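The values are calculated or read from the model by the stated rules, or taken from the named source; none is laboratory data. Computed from a predicted structure; not experimentally measured. Using ideal geometry, Cβ is built from the backbone for each residue, glycine included, and neighbour counts are taken over all protein chains shown.
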């Protein structure tokens, strides 16, 4: 994984609450056995007409957000299905952070493992960002994970919190599995004292 | 100190803790299916790793599997490739797998319990958000992403932060026509789809105790629709009775020892929860959703909300957007609205008791000629049991389709789906836009409401059925 570095970006506003992962990437695209090639399927049913042409009024189809890597969402972003295809599609499209007042638990964990930063802000900051991008589509934020600050378009900045472990892994580009496998001694000791419960390999009637 | 069952389960599974890092917890059962595992197996291959505990891992094919006659070829080449990949990956890594022709194949959350793989006191994970189903047994069960599937395959462990606890107390007695599905839809309509975020539900109270194991599974199944990754019911005699004699359940002295252990699990007297809600079972009515998330539900006799009466602008916008997608008008009832499809199935409501309930309504009646009714059993075992009881004949005589086990139209990956603009009453768990087919419109409800609607041809109250 690449190290997560500070960046500035314009903002893609998506003022909808409870955006579920079925909208982020519809289930019919989950038949793939790969994790690549999902950018075109991001928000597919909101993004494209029946004939495959882009819907001009959907935000991702507008020129003003080209190259933007911050999504500004309504409350409870990423609810529903556990599909990790959602953060895969978002990052492959070019997003590096999503700003919301809250994230669904599974989506948040999946995002942190894929260098997509969930930035939790207060409802007031969320509202001010929606207002700022409405007033000036070129408004930018700066995301600094090391400092855990979000610099706002009108000047000033707010702090956000990312748990220290995920932050460390993102900043250093560390894969969590490496850390888990380092705990081999503890895992072995747990297994040794753990009571036997099931054996799926056993022949059963 | 008094502890909740949630804390007992957590404490007994902590493998390693280090300041500044999440806890490493052990996973007792890892269930695997075709959709969220191929990239995880590839990750193992790329890193030269093996599956650490194939004996605690079990796979089946459910999401993209067709529900037509299984002797026919799979027409969708991408689905076929994914199903073949599951079986090939399981062979390569030594994981037991009930593939497309497996005699124990079925929806992963149906077969885990029915095989006795799911047991009280366990941690259970699966790359599927409805893993909370297994919480019905007093297990800490939750959905994970594909990276975490790889972590568990490689280490049998998961990095986790401890969740907060949320007591959902349901006391009283359900009235006729009101089911477990209505309990959970009522809860979610009250707390919203984000209400349980960061929490694990413990469902308690006399109405929960009175539920069968299959009904408890229906309740726990939809915990994630209220934002909680897990939801559970403490084990009791109903749990032990259900498990006894199941293929993977312990036997003899091991059974007695296990039951003695399981009896220690229930929440201690005086243990505190971070959050609490009480629901009066006596006051519940059959529930139905009108919108595009499972929290947008109402008692079936009530009108859908009028957006102009909602103060919060973003919330008003959400309801307006949902009603626009659904083609509904605020303030009007759903009762009497024509539907095109009725789906009885999914990990929420495809078990034998669900099929019995639907069949009892449909027996001797005909479904409306305007409605396509699909009945999809949750597993091969459910299907066999249904045959033993003559249920397929009941469904077919009424004019329903009786299909092969799988997730089917709950997730609409396998060709079973709503056409754009169609309305469906579904016993599944999600009414998100396009969930059951692009442009399709879903009303979530119980098997009783689904069966009554199938007969009437429009949204119907089973209590009013002539």
*Test residue A:186 against the stated conditions and say whether it is at the interface with chain B (Cβ under 9 Å from one of its Cβ atoms), part of a helix (DSSP H, G or I) and farther than 21 Å from residue A:7 by Cα.*
yes
*Which residues, taken from the stretch A:92-136, are on the phi > 0 side of the Ramachandran plot and either within 10 Å of chain B (Cβ to nearest Cβ) or under 10 Å from the mean Cα position of the chain (by Cα) (or both)?*
A:115
*Hey, any hits in the stretch B:212-227 for a residue that's within 11 Å of chain A (Cβ to nearest Cβ), more than 27 Å from residue B:178 (Cβ to Cβ), in contact with a helix residue (DSSP H, G or I) (Cβ under 6 Å, 6 or more places away or on another chain) and modelled with pLDDT of 95 or more?*
no
*Does the stretch B:298-316 contain at least one residue that is within 30 Å of residue B:116 (Cβ to Cβ) and in contact with a strand residue (DSSP E or B) (Cβ under 8 Å, 6 or more places away or on another chain)?*
no
*Since residue B:55 meets every condition but one in (1) in contact with a helix residue (DSSP H, G or I) (Cβ under 8 Å, 6 or more places away or on another chain); (2) more than 29 Å from residue A:79 (Cα to Cα); (3) facing chain A (nearest Cβ under 9 Å), which condition does it not meet?*
(1)
*Scan the stretch B:384-395 residue by residue and report those that are in contact with a strand residue (DSSP E or B) (Cβ under 7 Å, 6 or more places away or on another chain) and within 18 Å of residue B:371 (Cβ to Cβ).*
B:395
*With respect to residue B:169, determine if the residue is in a strand (DSSP E or B), in the same structural domain as residue B:274 (by TED's automatic domain parsing) and in contact (Cβ under 8 Å) with a residue 60 or more places away in the chain.*
yes
*Can you tell which of B:398, B:419 is more than 23 Å from residue B:290 (Cα to Cα), touching a strand residue (DSSP E or B) at 6+ places or on another chain (Cβ under 9 Å), touching a residue at least 24 places away in the same chain (Cβ under 8 Å) and surrounded by fewer than 24 Cβ atoms within 10 Å (Cβ to Cβ)?*
B:398
_Filter result (under 20 Å from residue A:22 (Cβ atoms) and either exposed (fewer than 15 other Cβ atoms within 10 Å of the Cβ) or modelled with pLDDT under 95 (or both)) within the stretch B:292-313_ = none
_Residues to consider are A:107, A:58, A:44; find the one that is in contact (Cβ under 8 Å) with a residue 24 or more places away in the chain and either surrounded by 18 or more Cβ atoms within 10 Å (Cβ to Cβ) or farther than 25 Å from residue B:408 by Cα (or both)._
A:107
*Restricting the search to the stretch B:4-20, which residues are surrounded by fewer than 19 Cβ atoms within 10 Å (Cβ to Cβ) and in contact with a helix residue (DSSP H, G or I) (Cβ under 6 Å, 6 or more places away or on another chain)?*
B:20
*Taking the options A:73, A:89, name whichever one is within 14 Å of another protein chain (Cβ to nearest Cβ), crowded, with 19+ Cβ neighbours inside 10 Å and touching a residue at least 60 places away in the same chain (Cβ under 8 Å).*
A:89
*Residue within the stretch B:271-282 that is over 28 Å from residue B:204 (Cβ atoms) and either more than 14 Å from chain A (Cβ to nearest Cβ) or over 22 Å from the mean Cα position of the chain (by Cα) (or both) present*: no
*Does the stretch A:7-23 contain at least one residue that is part of a helix (DSSP H, G or I), more than 11 Å from chain B (Cβ to nearest Cβ) and out of contact with any helix residue (DSSP H, G or I) (no Cβ under 6 Å at 6 or more places or on another chain)?*
no
_Sole exception among (1) within 14 Å of chain B (Cβ to nearest Cβ); (2) not in a loop (DSSP other than H, G, I, E, B) for residue A:200, by number_ = (2)
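Per-residue answers, yes or no, for (1) more than 16 Å from residue B:157 (Cβ to Cβ); (2) without any contact (Cβ under 8 Å) to a residue 12 or more places away in the chain; (3) out of contact with any helix residue (DSSP H, G or I) (no Cβ under 6 Å at 6 or more places or on another chain):
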| residue | (1), (2), (3) |
| --- | --- |
| A:142 | yes, no, yes |
| A:162 | yes, no, yes |
| A:170 | yes, no, yes |
| A:182 | no, yes, yes |
| A:191 | no, yes, yes |
| A:197 | no, yes, yes |
| A:200 | yes, yes, no |
*Within the stretch B:422-432, identify whether any single residue is in contact with a helix residue (DSSP H, G or I) (Cβ under 9 Å, 6 or more places away or on another chain), within 14 Å of chain A (Cβ to nearest Cβ), surrounded by 24 or more Cβ atoms within 10 Å (Cβ to Cβ) and free of Cβ contacts under 8 Å to residues at least 24 places away in the same chain, and answer yes or no.*
no
*Does residue B:69 fit the bill of being within 23 Å of the chain's Cα centre (by Cα) and in a loop (DSSP other than H, G, I, E, B)?*
no
*Residue satisfying condition, being away from every other protein chain (no Cβ under 14 Å) and either loosely packed, with under 14 Cβ neighbours inside 10 Å or within 21 Å of the chain's Cα centre (by Cα) (or both), within set B:239, B:289*: B:239
_Looking at B:138, B:102, B:112, can you tell me which residue is at positive phi and either touching a residue at least 24 places away in the same chain (Cβ under 8 Å) or within 11 Å of chain A (Cβ to nearest Cβ) (or both)?_
B:138
*Please enumerate the residues belonging to the stretch B:37-47 that are out of contact with any strand residue (DSSP E or B) (no Cβ under 8 Å at 6 or more places or on another chain) and either more than 22 Å from residue A:27 (Cβ to Cβ) or surrounded by 20 or more Cβ atoms within 10 Å (Cβ to Cβ) (or both).*
B:38, B:39, B:40, B:41, B:43, B:44, B:45, B:46, B:47
*Would you call residue B:151 facing chain A (nearest Cβ under 8 Å), touching a strand residue (DSSP E or B) at 6+ places or on another chain (Cβ under 7 Å) and not in a strand (DSSP E or B)?*
yes
